[in-house]
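The next block holds one structure in the form of structure tokens; read it before the comments.
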Amino acid sequence: MSRPRHLRPRTGWLRTAGIRQLVTGLVALPLSALPFAAYLNLTPEGRLVRDRALVALAPPSLPDLTAAQQAAAVRAAPRYEGAVMALAYHGIGSASDGEGGFVIPPGRFAEHLATLKAAGMRTVTAAEVAAAFDGGAPLPEKAVMLSFDDGRTDAMMFADPLLKEAEMSATMFVITGAASEPGIYYASWDRLESYARSGRWDLQAHTAELHREHEAAGGGKLPALTSLYEGETLEEYRARVRADLASSSTAIEDHTDRRAVAFAYPFGAYGAERTNSPEVRRVLRDEVDRRFAIAFHQDEQESIPLATPQDDRLGLRRLEVQDWSGVELLRRIAAAARRTGPSPVEPPPRPAPVVVPVPETVAPAITDPDLTIPPVATVPPRPTPSTTAGPRRPPAAAVAPPPPTTAPPPPAPPAPPAPPPPTTPTPVPPTAAPTTAVPPATTTTTRPPATTTTTTTTTRPDPTTTTTAPNGCRSRGQGSICKS
């Protein structure tokens, strides 16, 4: 006996329903994953969760530069010493971060480190810069300070394995209040302490609670560190800033056993701009100076030089690194070195040529243009016998001083007659003097004093005979006077 039709099993319908459910499930499965995918890729917190998993599974590593890339790095590398290029990285991770171009991909940061290493650049920390600027150990040649702000988890998570592989170091300016209440975005003190113990990270101050903006007095949003609250006096502002900087410095020392010596102004604001009081800059500088040896901001990016000990130590400037190639980063460092002035590392200068001084020949003064005085040959002094001191005769007129040069002398004049006895000098007859004599004041020759001073005065007689040469010159004594 057959069953009624309504009691027979509908096997075909069940088969069709099962297929429909399977299809619906398969379609719904990826749709159910969309919210998770959106969270992991479209929110900062989700990206950090995703990146943390990626770093755990496959840590980043330095790229192997080709021979051409290494040669390009060497060519672009600057040369300097006694100075440092301060670089500011805001984050490492997805390029879709809210800070845009200031957050670079991990692969780009790895390229930067590999290129800096190929160019011979040496990394230093902010603590080492402060010590060098205060007269401590000097900075190495081609010094670069890699720095990060805020204590962000993504920066340290990606950067630390790359720094370890490159054998480099970096500085993190920590918002200590955020580290005390960490979330996914900021690293906790436990993680920060671990990084500091590695020796690769130097932790410095970035305020405790004032890294934020607020509705300032006068309207508009301004950084809390560089503006007055509504109704706040200047002294109340000073007390607020002093307490915050003290809290930040103390927290870093408590967690690292090292005193904080460097400070980075939040948002790069130090009171020159983005303030509602012209007195804020002075007060903030006083309070920063009470706690820290050096401080950094990021003003005027297009003209940033290297930082040197001669700069304002509370106004050192950092270059904000963007998604550049490694060689482009080197070019920008070289441009900063050129703005700093001549590099202290220069080729040795050529030795200066040896200049042999040539004594000047003093020409005799001539008052009559018709008179010419030829050069006089150098005649060694005639030995004179010791005699009783007698009267010193006036100097002979128109006698030129012997030239000190070794030029060949002119023909010697006729030999004068033998001098008379030294005790009876013969005066020169008045008629024998030339009619146009050179003034004695301009032609007097002073003989160098003898090395031994005696009380005996020697009088050198003047010949009384004047000899006329065939060319019309009259020879008298050791000189000649010619009239054209």
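The values are calculated or read from the model by the stated rules, or taken from the named source; none is laboratory data. Being a predicted model, the structure only gives us computed values, none of them experimental. Note that each Cβ is placed from the backbone with ideal geometry, even for glycine, and that neighbours are counted across all protein chains shown. The accessibility values were calculated without ligands, DNA or RNA, using every heavy atom of the protein model including side chains. Shrake-Rupley method; radii C 1.70, N 1.55, O 1.52, S 1.80 Å.
Annotations for the structure displayed:
- The number of residues in the stretch 155-186 being surrounded by fewer than 17 Cβ atoms within 10 Å (Cβ to Cβ) and β-branched (Val, Ile, Thr) comes to 1.
- Scan of the stretch 176-193 for residues that are within 11 Å of residue 156 (Cα to Cα) and outside any loop (DSSP other than H, G, I, E, B), ordered by number: 186, 191, 192
- Residue within the stretch 316-335 that is touching a helix residue (DSSP H, G or I) at 6+ places or on another chain (Cβ under 7 Å), under 19 Å from residue 134 (Cα atoms) and not in a loop (DSSP other than H, G, I, E, B) present: no
- Residues that are open to solvent by less than 10 Å² (accessible area, probe 1.4 Å) and either touching a His at 6+ places or on another chain (Cβ under 6 Å) or of a type outside the set (Asp, Glu) (or both) within the stretch 280-291 comprise 280, 283, 284, 288, listed in sequence order.
- Screening residue 137 on (1) without any contact (Cβ under 8 Å) to a residue 24 or more places away in the chain; (2) among the aliphatic types (A, V, I, L, M); (3) crowded, with 19+ Cβ neighbours inside 10 Å shows it passes everything except condition (3).
- Selection from the stretch 243-263 of residues that are in contact with a Lys or Arg (Cβ under 8 Å, 6 or more places away or on another chain), buried (at least 20 other Cβ atoms within 10 Å of the Cβ) and among the small types (Gly, Ala, Ser): 249, 260
- Long-range neighbours under 6 Å by Cβ, at least six apart or interchain, first residue touching a residue at least 60 places away in the same chain (Cβ under 8 Å) within the stretch 101-117, second small (Gly, Ala, Ser) and open to solvent by less than 10 Å² (accessible area, probe 1.4 Å): 111/326; 112/326; 115/73; 115/326
- Here residue 329 fulfils each of the conditions (1) closer than 29 Å to residue 191 by Cβ; (2) over 22 Å from the mean Cα position of the chain (by Cα) apart from (2).
- Qualifying residues in the stretch 81-105 (those that are modelled with pLDDT under 55 and either basic (Lys, Arg) or in a loop (DSSP other than H, G, I, E, B) (or both)) - the one surrounded by the most Cβ atoms within 10 Å (Cβ to Cβ): 97
- Residue match in the stretch 204-222 (condition: assigned to a loop (DSSP other than H, G, I, E, B), surrounded by fewer than 21 Cβ atoms within 10 Å (Cβ to Cβ) and either among the polar types (S, T, N, Q) or under 30 Å from the mean Cα position of the chain (by Cα) (or both)): no
- Flag for residue 152 being open to solvent by less than 10 Å² (accessible area, probe 1.4 Å), on the phi < 0 side of the Ramachandran plot and of a type in the set (Lys, Arg): yes
- All of (1) modelled with pLDDT of 95 or more; (2) open to solvent by 60 Å² or more (accessible area, probe 1.4 Å) hold for residue 189 with one exception: (2).
- Being part of a strand (DSSP E or B), open to solvent by 50 Å² or more (accessible area, probe 1.4 Å), at pLDDT 95 or above and among the charged types (D, E, K, R) is a condition met by no residue of the stretch 63-75.
- Count of residues meeting criterion [in a helix (DSSP H, G or I), over 23 Å from residue 332 (Cα atoms) and in contact with a Gly (Cβ under 7 Å, 6 or more places away or on another chain)] in the stretch 127-157: 1
- Conditions (1) assigned to a loop (DSSP other than H, G, I, E, B); (2) open to solvent by 30 Å² or more (accessible area, probe 1.4 Å); (3) modelled with pLDDT of 95 or more; number of the one not met by residue 299: (3)
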